[in-house]
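The values are calculated or read from the model by the stated rules, or taken from the named source; none is laboratory data. All values reported here derive from a predicted model rather than from experimental measurement. Quick reminder, even Gly has a Cβ in these numbers, built from the backbone with ideal geometry, and neighbours come from all protein chains shown.
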Amino acid sequence: MESREPRTDMSASSTRTIIIECLRFDPASDSEPREQAYRVPFTDDMSVLEGLQYIKDTIDGSLTFRWSCRMAICGSCGMMLNGRPALACETFLRDFRPGPVRIEPLSHFPIIRDLVIDQADFLAKLESIKPYLIPAEDKSVADGTYLQTPGQMDDYYQFSQCINCLLCYAACPQYGLNRAFTGPGALALLHRYNEDSRDAGTAERMPIVNAEDGAWGCTLVGYCSEVCPKAVDPARAVNVNKINSAKDYFLHLLMPK
Amino acid sequence: MQVVQVDVVVIGGGGAGLRAAIAAAESDPRLRIALISKIVPMRSHTVAAEGGAAAVVRPDDSLDSHFEDTVSGGDWLCDQPAVEYFVAHCGPEMIRLEQLGCPWSRKADGNINVRFFGGMKVQRTWFAADRSGFHILHTLFQTSLKYPAIRRFDEFFCAELIVEEGAIRGVLAIEIATGEFFLFECASAVVCTGGAGRVFRQNTNAGTVTGDGMALAFRQGVSLRDMEFVQWHPTALPGTGILITEACRGEGAILVNKDGYRYLQDYGLGPVDPWPRTKAMELGPRDRLSQAFWHELQKGRTVATPRGPVVHLDLRHLGAKKIHERLPLITEIAKTFVGVDAVKEPIPVCPAMHYTMGGILTNVSCETSLRGLFAAGECSSVGIHGANRLGSNSLAELLVFGSAAGTGAAGHAHAVPRRNGTRVRQLAESSAQRLSAMVTATAGERLATLREEMLDSMEAGVGIYRRETTLKAACDRMANLRARYRAGVLLDDRGRAFNTEWLGAIELGFMLEVAESMAHSALGRRESRGAHMRLDGYESRDDENFLKHSLAHFDGDGPPRIDHMPVTITRSPPRSRAYGGAGKKAEMS
């Protein structure tokens, strides 16, 4: 939450400025969001996050946004940058020249304050998909590690890269229309555990996949995978799950529980 | 003020905090455990750890060997019983994490793989590509969701420990979304708030790493130990300080100066050949490598860039396949943040503050001097790192001691149940009033002004090499900044909902006290050992006078009092700390 002034070792070309337009909202004083523009000096190596930090440090300490690692791994600083969901720390002001760059909180989530959205819905969904190994039988430390070949690991590894940044939810038109939809990130993580050779919990997770708001809620737009900063490809996970869900359905017709 | 009554409070939702909460829940599922974190746990800075976690697994390795590497790596300032406990428990913790689903990298036969790391004789670093911390943290976070005993308070900011009669009674926190105060009444608490890297300008740490728990405990009379030992990681990106993992060197990357010369051979880490070999050249310890950079800079052999002087970390000879397989995050980071394709060009790097070796004084069971208060992970000083931490010992530490602290706190909650009292609420109310007044203060300086002065002063005075004059200047500046901080910080943000400027001001208060303890502890250590290097007549290690820990004691508005305590040496008497020299070529996996 502490932030840093832009570095003082800027080259002479640092006199360039860009206008950053931020959506502002304070629940105590605003009935609806408003806009505020700031002029920010920038260098070619300055991220959008560093631009926001400059504003907070030197112009307006009340501008509110989340950030932490500033290296695209913690998932805190997802925002709409000129209408597209992105991480502010790995997006650079130079790419918005000559400006302005418009910054809004992630779409489809309630706003708590300025660029800060309420993540409670996602956290509840994450919890609902049982994102942990459900082993066939308990192992003790004395049993040692599971064997898992690199090939078996490849089956789920990509889907384990999700940083929970919520860009895919902001990109998903279905989630925008229906907040009950489990959504791309949580379904990708569900798939990650189902595909893990150490896991035996697929049967417990299939009802979530099969539900109307599970995999079938997806309408195959694919924008989630396009904006994912870690190439998780949630759209693929969701659609493989549609196939699994269909198989599950026919299997139950043949062999009712 | 809302009051929540629980048995155990865990402060901090990083690796140590999550491991502690899980251990407490497993030791008794009926316990009420509050996991309080100022960010959602999976955002914690553990997420940014790249290289891996140490645990003996190979047949050619042994616990004795891990012990020896750790103790000599720490320049004999480690408490040896703590190291013994540590190395014995690393293996079980790694296995447990694997059984919880952590995607450790594998060998072709399906067994887990281990890689080389600096200062380690044998391959013993368990890794998940170069996203080890990310996978450890997400595995622990997701696993924690299984336990009904763990109740999460995400985005709650701990502002004060409530202490009565030498025992922890509660934790005062701010619900960030609303700005409302919550008092968590508890029987025991575990501090797992991480380090204090943000007191330096050039650092590898997340913005949240502001020494909160260290300052909270310090103010309640718990000593901070060995605070002068600050680790500079030798390879970070210039300007941003973003970490370029030691695993690069573990996989065979080399460091060269502006002439393309492998300069480490000039600083007691050579000869170059045979290469690679363990505990030599680029596989030396972090303190030595960062110090070598400083000498290269003095000799004018570094490369100037707009963001400061650098040397080059060259991975090219590893080949595209190995780089992409073992170091995918580094490849991504180099491309995004400095526009370098690591397969084709070397990465510009320089040292950056990385890790706080010192911290809240605890015994091997993670207990502090306050009854019921435990600490684990980077915020603590359990005694395993000494004067220099070896890479991959800290991820292992937060599992081993997070677990011990959680079990200990659960045990304490059974032995000494929570006591309700009006006094506890009065203490909390008066703290809440003081903190609330910060939002409405009408005079004072800008937060960034005070913070920037702290950063400049710490860089100038308490850096890789230190002198009495620069240390004294830093001590004076911290006293000055603390006085100005007390006089007031003027906030632009007068609201209570998600007021990060207010929280930033509270964090600055934590940082100033922690930074001051670092400067004073460094001033008091008139020798050079591990990561603490003096240039003013104290260039050598002085076992006669300084084979002892530094302790900083809180003293109100004044500077901390510094004294010392003995180091517990049981098996390995101090000897010369040697790296480089002859050795056989290591087989890279």
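If you go through the range B:481-495 and pick out every residue that is among the aliphatic types (A, V, I, L, M), crowded, with 20+ Cβ neighbours inside 10 Å and within 13 Å of another protein chain (Cβ to nearest Cβ), you end up with 2. Considering (1) away from chain A (no Cβ under 14 Å); (2) surrounded by fewer than 24 Cβ atoms within 10 Å (Cβ to Cβ), the lone condition that B:A552 does not fulfil carries the number (2). Taken as a whole, the condition of being surrounded by 22 or more Cβ atoms within 10 Å (Cβ to Cβ), assigned to a loop (DSSP other than H, G, I, E, B), among the charged types (D, E, K, R) and in contact with a strand residue (DSSP E or B) (Cβ under 9 Å, 6 or more places away or on another chain) applies to B:E228. For the range B:555-572, a residue qualifies if it is part of a loop (DSSP other than H, G, I, E, B) and either surrounded by fewer than 11 Cβ atoms within 10 Å (Cβ to Cβ) or among the hydroxyl-bearing types (S, T, Y) (or both), and the qualifying residues are B:D555, B:G556, B:D557, B:G558, B:T568, B:T570, B:S572. The residues of the range B:130-156 that are under 23 Å from the mean Cα position of the chain (by Cα) and part of a loop (DSSP other than H, G, I, E, B), listed by number, are B:D130, B:R131, B:E155.
Residues in the range B:105-126 that are at the interface with chain A (Cβ under 8 Å from one of its Cβ atoms) and either among the aliphatic types (A, V, I, L, M) or buried (at least 24 other Cβ atoms within 10 Å of the Cβ) (or both): B:A108, B:I112. Considering the range B:276-301, the residues that are part of a loop (DSSP other than H, G, I, E, B) and touching a Gly at 6+ places or on another chain (Cβ under 9 Å) include one that is surrounded by the most Cβ atoms within 10 Å (Cβ to Cβ), namely B:P285. Would you be able to tell me the number of residues in the range A:131-142 that are of a type outside the set (G, A, S) and more than 8 Å from every other protein chain (Cβ to nearest Cβ)? Residues that pass the stated criteria total 3.
Counting only residues that are touching a residue at least 12 places away in the same chain (Cβ under 8 Å) and more than 26 Å from the chain's Cα centre (by Cα), how many does the range B:265-291 have?
Here the count works out to 10.
When B:V87, B:V83, B:V71 are screened for being of a type outside the set (D, E, K, R) and touching a strand residue (DSSP E or B) at 6+ places or on another chain (Cβ under 9 Å), only B:V87 passes.
Given the criteria surrounded by 22 or more Cβ atoms within 10 Å (Cβ to Cβ) and of a type in the set (A, V, I, L, M, F, W, C), does A:I134 qualify? Considered against the rule, which asks whether it is surrounded by 22 or more Cβ atoms within 10 Å (Cβ to Cβ) and of a type in the set (A, V, I, L, M, F, W, C), A:I134 comes out as no. Restricted to the range B:376-480, the set of helices (runs of 4 or more DSSP H) holding at least 1 residues that are at pLDDT 95 or above, of a type outside the set (A, V, I, L, M, F, W, C) and surrounded by 24 or more Cβ atoms within 10 Å (Cβ to Cβ) comprises B:393-415, B:447-461. For the range A:43-88, a residue qualifies if it is more than 9 Å from chain B (Cβ to nearest Cβ), assigned to a loop (DSSP other than H, G, I, E, B) and out of contact with any strand residue (DSSP E or B) (no Cβ under 6 Å at 6 or more places or on another chain), and the qualifying residues are A:D44, A:M46, A:G83. Residue pairs whose Cβ atoms lie under 7 Å apart, sitting 6 or more positions apart in sequence or on different chains, and linking a residue in the range B:446-475 that is more than 16 Å from B:S528 (Cβ to Cβ) and within 14 Å of chain A (Cβ to nearest Cβ) to a partner that is in a loop (DSSP other than H, G, I, E, B) and among the small types (G, A, S), are B:L447/A:G61. Of all residues in the range B:37-54, those satisfying the criterion of being within 11 Å of chain A (Cβ to nearest Cβ) and not β-branched (V, I, T) are B:K38, B:P41, B:M42, B:R43, B:S44, B:H45, B:A48, B:A49, B:E50. Scanning the range B:25-53 for residues that are in a loop (DSSP other than H, G, I, E, B) and among the acidic types (D, E) yields B:D28, B:E50.
Taking the listed residues B:E68, B:E93, the one that is within 24 Å of B:R389 (Cβ to Cβ), under 23 Å from the mean Cα position of the chain (by Cα) and surrounded by fewer than 21 Cβ atoms within 10 Å (Cβ to Cβ) is B:E68, with no other qualifying.
Screening A:D95 on (1) outside any loop (DSSP other than H, G, I, E, B); (2) touching a residue at least 24 places away in the same chain (Cβ under 8 Å) shows it passes everything except condition (2).
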